[in-house]
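Everything below concerns the one structure shown next.
The values are calculated or read from the model by the stated rules, or taken from the named source; none is laboratory data. Computed from a prediction, not measured in an experiment: that's the story for all the values here. Here the Cβ is made from the backbone with ideal geometry for all residues, glycine too, and neighbour counts use every protein chain on show.
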C-alpha cells in the first residue's frame, strides 16, 4: 500500500512520514516546499500535478492546508484555492485512480462560534453531533472541504474519514493574552485537559483511519487528548476550572507550584473523543494524567516525535510583536 501524504513539509505531514519511513512503509510526500520528507514539490491547486502524483497510490492522507494563523496574511480566495479546490483536486484524482482510502485532516475550528459560550455559561460539550458554525474563512473552507469529502463518498464510493483535530502545534498561542499570562509549557499542559493533542497521537489516529476507512465508508471524528471531564463538570468549568482539576488530581497543586505554573481559571469547551476511540480503536497516550506523571519524573511531557519535529512556524515573515501579525 503506497500512501500519498500532502503537506509533507508541515508538522503533521512530516510526523506521519517519519513514522511510516520508520516502519519501512511505501510512502510519498507532496508539498509546496522542499523538505527531507517531500518527494514531489508542487501545489495541490494544480490538478495536473495532483493527477501525476496519484500513480500507484492506494491511500491518501491530506494534511496540506492554509491554517488559522494565515487568516491575517492570506486572502479569502487563497483559502478557497488551497483548502477547497486543492481538496477537490485530490478527491477527483483519488476516485479516478481507484484509491481505497482517503483521510482528510480537518479541524475543531469547524465548530467555530459554537465553542464560545456567553460569559458565565457552562462550558460546551463538543461531540460530532454539535452543528458547525464557522467563524472565519479557515473554519468555513475546512467545513466546505469536509462536505466535498462526503459528496465523493456518496457519488463515487470513495471511502473517506474526516478527522477534526484539536491544536497540536508547538508554537506560542495565537492569543496574545495567553502568551503574556502563561509560559508556553504551562499553557500547553493545561490545554491537554480539554483542547490539545500530541502529534504522536495525531499520527496514530490518521494511520488507523487509513486502515479502517473502507469498512467505515464515511465518518467524522473529533481527535483530541482524552479529557478527564464529564458533563457534570461543565457548569463549574466556566467559573472554577482550577477547582475541578484540583479535585480530580490532588497532586497537581504541588507539581504546578514547584514550577510556578497556574491552571486556567475557566474552560469554555471540552472536546470529546469517545467516538474515535470506539470506532477507530484509537488509544491516545498523551493526556493530562501523562503530564503529571512526567512532572513527577522531571520529564518533558511531549512525545519524542513532537520533540524531533520541533517548531516550524506558520509564516516566512518575522513579526515585531510575536509569532503572528494579529490575533486571529
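Scanning region 162-179 for residues that are in a strand (DSSP E or B) and crowded, with 22+ Cβ neighbours inside 10 Å returns 162, 163, 164, 165.
Residues in region 33-47: is at least one crowded, with 21+ Cβ neighbours inside 10 Å, in contact with a strand residue (DSSP E or B) (Cβ under 9 Å, 6 or more places away or on another chain), in contact (Cβ under 8 Å) with a residue 24 or more places away in the chain and not in a loop (DSSP other than H, G, I, E, B)? Within region 33-47, none of the residues are crowded, with 21+ Cβ neighbours inside 10 Å, in contact with a strand residue (DSSP E or B) (Cβ under 9 Å, 6 or more places away or on another chain), in contact (Cβ under 8 Å) with a residue 24 or more places away in the chain and not in a loop (DSSP other than H, G, I, E, B).
Inside region 282-294, residues that are over 18 Å from the mean Cα position of the chain (by Cα) and either surrounded by fewer than 21 Cβ atoms within 10 Å (Cβ to Cβ) or part of a loop (DSSP other than H, G, I, E, B) (or both) make up a count of 5. Scanning region 257-273 for residues that are surrounded by 22 or more Cβ atoms within 10 Å (Cβ to Cβ) and free of Cβ contacts under 8 Å to residues at least 60 places away in the same chain yields a single hit, 273.
The residues of region 180-189 that are more than 22 Å from residue 12 (Cβ to Cβ) and in a helix (DSSP H, G or I), listed by number, are 180, 181, 186. Here residue 83 fits the description: in contact with a helix residue (DSSP H, G or I) (Cβ under 6 Å, 6 or more places away or on another chain), closer than 30 Å to residue 20 by Cβ and either surrounded by fewer than 20 Cβ atoms within 10 Å (Cβ to Cβ) or modelled with pLDDT of 95 or more (or both).
For the residues 194, 221, the requirement of being assigned to a loop (DSSP other than H, G, I, E, B) and touching a residue at least 40 places away in the same chain (Cβ under 8 Å) singles out 194. Please go through region 116-131 and pick out each residue that is under 17 Å from the mean Cα position of the chain (by Cα) and surrounded by 20 or more Cβ atoms within 10 Å (Cβ to Cβ). Passing the criteria: only 126.
In this structure, residue 276 does satisfy being surrounded by 12 or more Cβ atoms within 10 Å (Cβ to Cβ), touching a strand residue (DSSP E or B) at 6+ places or on another chain (Cβ under 6 Å), modelled with pLDDT of 95 or more and assigned to a helix (DSSP H, G or I).
Residues that are in a helix (DSSP H, G or I) and modelled with pLDDT of 90 or more were ranked within region 96-109; the one that is surrounded by the most Cβ atoms within 10 Å (Cβ to Cβ) is 108. Among the residues of region 295-312, which ones are part of a loop (DSSP other than H, G, I, E, B) and either modelled with pLDDT of 95 or more or surrounded by 19 or more Cβ atoms within 10 Å (Cβ to Cβ) (or both)? Of everything in region 295-312, those that are part of a loop (DSSP other than H, G, I, E, B) and either modelled with pLDDT of 95 or more or surrounded by 19 or more Cβ atoms within 10 Å (Cβ to Cβ) (or both) turn out to be 297, 298, 299, 300, 301, 302, 303.
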